[in-house]
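First comes the structure, then the notes that go with it.
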Amino acid sequence: MARLVWLVLAATVVIGFLAPELQRLTVPRPASEASAPAPQAATPSGRVEIAADGRGHFLLTGRVNGRPLSLLADTGATLVALRASDARQAGLIVLPGDYTQKVDTAGGPASAARVRLQEVEIGDIRLDGVDALVLSDERLAISLLGMSFLGRLRAFSVENGRLVLSR
């Protein structure tokens, strides 16, 4: 019995040390059907325009770690915030013990895991090393494109019902 306990403990330690490497090696899952539109216009100059939906929200399909994800642009979100299922789709490994950050959401307080995204792409705008949070799917209806991405742009504005991002 003691031998089994030591074996499980050793395996847990090895997995803990290898988790960052395993995260990089994760095989991408096929993307689910994207419900959000791709950015409406992209130019080589680093300008992307996203049309507002009927409720005035800016929904888009971006790429996180090379995988397409539906996102809602949210200037009220300090960081990019991913649903746990979207984080898995983007190749992130988030363990239950990683949810150590206490955050306030529109639905109330929640626990989140802090991560750093290798890359986030919206149209032809790409940023590397973007700070983000992962929340359970029950606490977040859609992943958010927050200020850890938007704040690193040269500019973003709303013009004629379109969100304009400039690199």
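Every listed requirement among (1) out of contact with any helix residue (DSSP H, G or I) (no Cβ under 9 Å at 6 or more places or on another chain); (2) under 29 Å from Arg162 (Cβ atoms) is met by Gln101 save one, (2). Could you grab me the full set of residues in segment 54-76 that are within 19 Å of Asp131 (Cβ to Cβ) and either aromatic (Phe, Trp, Tyr) or surrounded by 23 or more Cβ atoms within 10 Å (Cβ to Cβ) (or both)? Selection gives Gly62, Val64, Leu69, Leu71.
From the residues in segment 104-128 that are under 20 Å from Leu165 (Cβ atoms) and part of a loop (DSSP other than H, G, I, E, B), which one is farthest from the chain's Cα centre (by Cα)? Per the stated criteria, the residue is Asp124. Flag: Thr100 matches the condition of being at pLDDT 95 or above, exposed (fewer than 15 other Cβ atoms within 10 Å of the Cβ) and either farther than 16 Å from Val48 by Cβ or not acidic (Asp, Glu) (or both). Here Asp128 meets the list (1) closer than 21 Å to Gly46 by Cα; (2) at pLDDT below 95; (3) acidic (Asp, Glu) almost entirely, failing just condition (2).
In this structure, Gly151 does not satisfy being modelled with pLDDT under 95 and under 24 Å from Phe58 (Cβ atoms). If the condition is being aliphatic (A, V, I, L, M) and exposed (fewer than 14 other Cβ atoms within 10 Å of the Cβ), then segment 135-163 contributes Ala141, Ala155. Taking the listed residues Ser148, Ser166, Ser136, the one that is within 13 Å of Ala73 (Cα to Cα) and touching a residue at least 40 places away in the same chain (Cβ under 8 Å) is Ser148, with no other qualifying. Here segment 129-163 is the region considered, the condition is being out of contact with any Leu (no Cβ under 7 Å at 6 or more places or on another chain), assigned to a strand (DSSP E or B) and not hydroxyl-bearing (Ser, Thr, Tyr), and the residue that is farthest from Arg88 (Cα to Cα) is Glu159. Counted as qualifying within segment 46-103 are no strands (runs of 3 or more DSSP E), as none has 1 or more residues that are over 13 Å from the mean Cα position of the chain (by Cα) and aromatic (Phe, Trp, Tyr).
Candidates are the residues of segment 77-92 that are surrounded by fewer than 19 Cβ atoms within 10 Å (Cβ to Cβ) and not small (Gly, Ala, Ser); the one that is farthest from Leu153 (Cα to Cα) is Arg88.
The values are calculated or read from the model by the stated rules, or taken from the named source; none is laboratory data. Note that the coordinates shown come from a computational prediction; the quantities given were computed from them, not determined experimentally. Glycine gets a Cβ as well: all are built from the backbone with ideal geometry, and neighbour counts include every protein chain shown.
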